[in-house]
Every structure is written in C-alpha cells, then in structure tokens.
Amino acid sequence: MNSPTGKIEEFSDRCPYCGETILMLIDTSAGSQHYIEDCAVCCRPIQVLVSEDMEGQWTVEFKHEGDV
C-alpha cells in the first residue's frame, strides 16, 4: 500500500496512435494503475499503465488499446 503522501504528477509521452506528445496528470497516491484514457489530439483510446519501482520512481506507459 502506498503512503498518503502521493500527489498529482505530470507525465508526457507520445500517443501510440498519432505520435503527438501528450501530457497526463497522474494521481500517484492511488498506487499502481491501469486504465484507458482518450488521446487529447486524436481521441483514440490509450492504455495508461502506472507503476512504482523499488526506489519509489514512477513509470507511466502509453500503449494501444489492444496491447497487453
């Protein structure tokens, strides 16, 4: 369980569909997450995978909707 000291973090990466750089706000107090959010540019559904490593660093990946 993550501590309640999490906060909103900005992450940016390229959309796996249109290639445009997009910015997403992630609530790191919610811990590891996996959800779908539409690209702000092309409106295609992006899988957002959020995870924390052993050193407390957050990683955010954007994938095609059908990727596992």
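The values are calculated or read from the model by the stated rules, or taken from the named source; none is laboratory data. A quick note: this is a predicted structure, and the numbers were derived from the prediction, not measured. When we count neighbours, we look across all protein chains shown, and the Cβ atoms used for this are built from the backbone with ideal geometry, even at glycine.
Does the range 7-22 hold any residues that are out of contact with any Phe, Trp or Tyr (no Cβ under 7 Å at 6 or more places or on another chain) and in a loop (DSSP other than H, G, I, E, B), and which are they?
Scanning the range 7-22 gives Lys7, Tyr17, Cys18, Gly19, Glu20.
Would you mind stating whether Ile46 is loosely packed, with under 12 Cβ neighbours inside 10 Å, of a type outside the set (Gly, Ala, Ser) and in contact with a Pro (Cβ under 7 Å, 6 or more places away or on another chain)?
no
I'd like to verify a number: residues in the range 23-41 that are touching an Asp or Glu at 6+ places or on another chain (Cβ under 7 Å), of a type in the set (A, V, I, L, M, F, W, C) and either in a loop (DSSP other than H, G, I, E, B) or more than 13 Å from Trp58 (Cα to Cα) (or both), how many?
So the count comes out to 4.
Considering only the range 1-35, state which residues are surrounded by fewer than 13 Cβ atoms within 10 Å (Cβ to Cβ), closer than 19 Å to Asp67 by Cα and at pLDDT below 95.
Within the range 1-35, Ser32, His34, Tyr35 meet the criteria.
Condition first: surrounded by fewer than 11 Cβ atoms within 10 Å (Cβ to Cβ) and touching a residue at least 40 places away in the same chain (Cβ under 8 Å). Now tell me which residues in the range 49-66 satisfy that.
None - no residue of the range 49-66 is surrounded by fewer than 11 Cβ atoms within 10 Å (Cβ to Cβ) and touching a residue at least 40 places away in the same chain (Cβ under 8 Å), so the list stays empty.
Being aromatic (Phe, Trp, Tyr) and over 19 Å from Lys7 (Cα atoms) is the filter here; which residues of the range 21-64 pass it?
Scanning the range 21-64 gives a single hit, Phe62.
For the range 42-68, which positions are of a type in the set (D, E, K, R) and not in a strand (DSSP E or B)?
Answer for the range 42-68, where residues must be of a type in the set (D, E, K, R) and not in a strand (DSSP E or B): Arg44, Asp53, Glu55, Glu65, Asp67.
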